[in-house]
Each structure stands twice: as structure tokens, then as C-alpha cells.
Amino acid sequence: MLKNLRYFLQGTVILLAVSINTIICTVVVFVLACIKFIAPKGSARNAVTRWLSLAGEYWVSFNKLMASFLVEMEWEIEIPEELDHKGRYLVFCNHQSWVDILVMQHVLNRRAPFMRFLLKQELIWVPVLGFCWWALDMAFLRRYSKQELIKNPALRGKDLENAARACEKLKHIPVSMVTFPEGTRWTPAKHQQQKSPYRNLLRPRYGGIGQVLYSFDEALDYLIDITIIYPDGTPDLWQYVSGQVKKIFVTVRLLPIGADVRGKNFREDGTAKGALKSWLNTIWSEKDQFITEALGSATKMQR
């Protein structure tokens, strides 16, 4: 009874603090976004961009501070020292819960550049937030539905050019381009429906990754491969903020990106498509094996 009350109080206080901080940060970002919108291109706009990134990192730092009050939460983090806050990275992660994003921010904040995501173009019209996402240099992509492609076959492959245009501004600033190759959160039902060959992962999709690699070409330094493990089961947001999550294991690897997958039009080049699939499947197989071994070790320790 007392434990449940403590969880309730912890979760309520932290959610309230994070919500207030989010509102404040959104106002700050919106004001800076207005300045960026009217600022001339060049050094003035670049300066505002840096301020916006700092505002985003402050927001993450505050969330990380709130998590530090959850004293029963044990973090086990392996992260390479070579990460550069001024680098340009493609970021992979397995996806189990919306908590994954908070965990990634917790681990990478101030160690790697501020995280950016590929967003659907329609999201730019979300009131206030769409403008803020634009100001934070999120990449908005114009994608085509199957119906549009059937009506106009000439649109096939245009998504790559749209992605290249959306990512052009990011090629010249420090960036962590985040993608979840599985495309959706892992659940037992989805795993069974897919008939996934991996024990702990869904099948990876290469489309979004191929778009980033095509768009950035030689501008990316490395791949940051993140593996998140919740040994006591996948948590939801409330369980995380209330302190009910006892252990989180995070392993970060810094991997090279081969020339055979950089800047390649995998829509038209069969060799490039095969290389991209092989590269991604190899990483996914290693990740799956690592998760299996880590969960096995955690189970033995609990006995």
C-alpha cells in the first residue's frame, strides 16, 4: 500500500515538473523559432539554430535530472568515449516502448548532437509544435501513398529526392538522425504476425534508413547502434516516471558506415539494395544475439 502511494506521488510530481518545464521550453523555442524565421540566412540564422539546440538539450537535461530522483532505478550503460558532440551520426535503436526515446535522450544528451527525427510532412501543420519542429531542424518528408503511386508511376523514387532536400540543411550541422528500423514497437503479437526470424526483435525495414544514407552520403561520420533492454519487462511511461522500473541496460556501439551503402539509390540499384539489406540484417542479428545473452545473464543473477 505504502509502495503504491510512493509510486503515485513520485509519478505525479515528476510528470507535473516535466510538463511545466516542457511548456516553458516550448515557449522559448517558439520565440526563437520566430526569430529564426525572420533572420537572414547565414551566421545570424546559424546562431539561432545553435540556441535552439541548446534549448532542446536543456529540456532533455531537466528530464534526466528528474530521473535521478528515482533512486531505485538502476542504470547499466556502456557507451564509447569516442562519441563527439559535434559529430554527425545515424542512430539505430530497437523499439519496445515510448520510454525508449527518453532512455536514448538520457544516454546521449551532451555526449552526441541533439537528436533529430524524420517526420511526415503533414506534421508541420500541427499548431505551434510544427513550427517548433521546423525550427529545431527536424526533417519533414513528403511520402506518397500506394494510391498516388498507382495513379502516377512517375512519383516512384521521388521520396529519395524529397528526403535529400529535407536533410540538406542537416548535412552542415552536428546531428544525430534517429530511426527505429523496426518501424513500430515490439509486441508478442506483432512478432508472431511477422514470423520474425529474431527472438527479441521485429524484422528491420530499410526504407527510412536508405533515405538517410542517400541524403547524407559522405556527411555522416558513424552509426550509433543502441540496444535497450528492460530485464523486468517493457515499461510504459507511467511506470518509468513513477519509479517502478528497476533496471535499464543500455549498450551503445559506434560502427562504421560502408561506402557500399552511402549515397546509393537503393530504389533503382539492386546491388545497393542488397548491400543495405545485408548490412542491416547483420547488425540486427548481432543485436538479437546480444539481447538473448543479456537476458539470460540477468535471469541467472536473479536466481
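The values are calculated or read from the model by the stated rules, or taken from the named source; none is laboratory data. Just so you know, these numbers come straight off a predicted model, no measurement behind them. Positions of Cβ are generated from backbone atoms using ideal geometry, with glycine treated the same way; all protein chains shown enter the neighbour counts. What goes into the accessible areas is simple: the full protein's heavy atoms, side chains included, and nothing from ligands, DNA or RNA. Shrake-Rupley method; radii C 1.70, N 1.55, O 1.52, S 1.80 Å.
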Solvent accessible area, Å² - S297, 1.4 Å probe, full protein context = 60
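Mean Kyte-Doolittle hydropathy of -0.5 or higher plus an axial Cα length of 27 Å or more: which whole DSSP H helices in the chain meet both? Present the calculation step by step, with values, prior to reporting the outcome.
Numbers: long enough: 2-38 (54 Å, 1.75); 43-68 (37 Å, 0.03); 270-302 (48 Å, -0.38).
Those that pass (Cα extent of 27 Å or more, hydropathy at least -0.5) are 2-38, 43-68, 270-302.
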Go through [x] 62, 48, 41; [y] 45, 44, 39; [z] 49, 47, 37 and flag the label whose value is the computed Cα extents along the principal axes in Å for this structure.
-> [x]
Ranking by accessible area, most exposed first, for L118, L9, L201 with a 1.4 Å probe = L9, L118, L201
Where in segment 3-45 is the amide nitrogen less than 20 Å from a point lying 7 Å along the Cα-to-Cβ axis of I124?
-> 29-42, 45
Roughly how many nanometres apart are two label points built 7 Å out from the Cα toward the Cβ at S68 and A39?
-> 2.9
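Using 27 Å as the Cα-Cα cut-off, could you pick out the over-long pairs in K120/K277; K86/K190; K41/K171; K151/K273; K36/K120; K86/K246? Can you show the working numbers first?
On the way: K120/K277 24 Å; K86/K190 37 Å; K41/K171 16 Å; K151/K273 25 Å; K36/K120 22 Å; K86/K246 33 Å.
Pairs exceeding the cut-off: K86/K190; K86/K246.
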Carbon plus sulfur, as percent of the 1.4 Å-probe accessible area of the chain, comes to 60
Pick out which of L141, L202, L15 has the largest mean-square fluctuation in a Gaussian network model of the chain, springs linking Cα atoms closer than 10 Å.
-> L15
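Nearest 0.05, what FRET efficiency do L54 and T26 give at R0 = 22 Å with Cβ-Cβ as r? Before the final figure, lay out each step's value.
Numbers: r = 15 Å, r/R0 = 0.68.
Once the sixth-power term is evaluated, E becomes 0.90.
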One finds, for K171 and Q193 with R0 = 35 angstrom and r their Cβ-Cβ distance, a FRET efficiency to the nearest 0.05 of 0.40
Averaged per residue, what accessible surface does the chain expose to a 1.4 Å probe, in Å²?
-> 53
